[in-house]
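The values are calculated or read from the model by the stated rules, or taken from the named source; none is laboratory data. Quick caveat: nothing in here was measured; it's all calculated off a predicted structure. Note: ideal-geometry Cβ built from the backbone for every residue, glycine included; neighbour counts use all protein chains shown.
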Amino acid sequence: MCPILECGHDIIKGHAEAMEVVRRVQTANFGVLWNDSTINQATLADLQPRLRHFHVHDEVLDPDNTNILRLAGQIKPAGYRGYISLEIIHGKNLPEDLLKSVAARLTQQIAQG
């Protein structure tokens, strides 16, 4: 089991707040989820040892959005071995064909990154 702190969101919004918590953690099995499809180099460098998961949101539904391509280009060289998941909160179901095409595009961007 690995408890994960969600950062880049409601309570822990940015790099400084995330590091306040991470620096206090004494156990090795504690991870961080970055709740955004972008991350700056300073945040990545500090959180990288504990990064386990990324949430990406509505912006990646846009076929012209390349956030995942850039993100993959940053995290692959850092040795990232965690997960990236699509978190869409619309209050309605999205068409399955849209989700399939987005998944295929994001998978391709991750491979290219």
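Every condition in (1) under 26 Å from residue 112 (Cα atoms); (2) assigned to a loop (DSSP other than H, G, I, E, B) holds for residue 27 except the one numbered (1).
Of all residues in the range 62-113, those being of a type in the set (Phe, Trp, Tyr) and either more than 26 Å from residue 4 (Cβ to Cβ) or surrounded by fewer than 10 Cβ atoms within 10 Å (Cβ to Cβ) (or both) number 0.
Which condition breaks for residue 54 when tested against (1) hydrophobic (A, V, I, L, M, F, W, C); (2) assigned to a loop (DSSP other than H, G, I, E, B); (3) within 16 Å of residue 35 (Cβ to Cβ)? Residue 54 satisfies all of (1) hydrophobic (A, V, I, L, M, F, W, C); (2) assigned to a loop (DSSP other than H, G, I, E, B); (3) within 16 Å of residue 35 (Cβ to Cβ) except (2). Exactly one residue among 81, 70, 52 is of a type in the set (D, E, K, R), out of contact with any strand residue (DSSP E or B) (no Cβ under 8 Å at 6 or more places or on another chain) and at pLDDT 90 or above, and that residue is 70.
For the range 7-23, the condition of being closer than 15 Å to residue 106 by Cα and exposed (fewer than 15 other Cβ atoms within 10 Å of the Cβ) holds for none of the residues. Among the residues of the range 61-98, those identified as farther than 12 Å from residue 37 by Cβ, assigned to a helix (DSSP H, G or I) and in contact with a helix residue (DSSP H, G or I) (Cβ under 9 Å, 6 or more places away or on another chain) are 73, 98. Only a single item in (1) assigned to a loop (DSSP other than H, G, I, E, B); (2) touching a helix residue (DSSP H, G or I) at 6+ places or on another chain (Cβ under 6 Å); (3) polar (S, T, N, Q) is not met by residue 43, and it is number (1). When you look at residue 94, is it more than 17 Å from residue 15 (Cα to Cα) and either aliphatic (A, V, I, L, M) or touching a Leu at 6+ places or on another chain (Cβ under 7 Å) (or both), yes or no? Spelling it out, residue 94 is indeed more than 17 Å from residue 15 (Cα to Cα) and either aliphatic (A, V, I, L, M) or touching a Leu at 6+ places or on another chain (Cβ under 7 Å) (or both).
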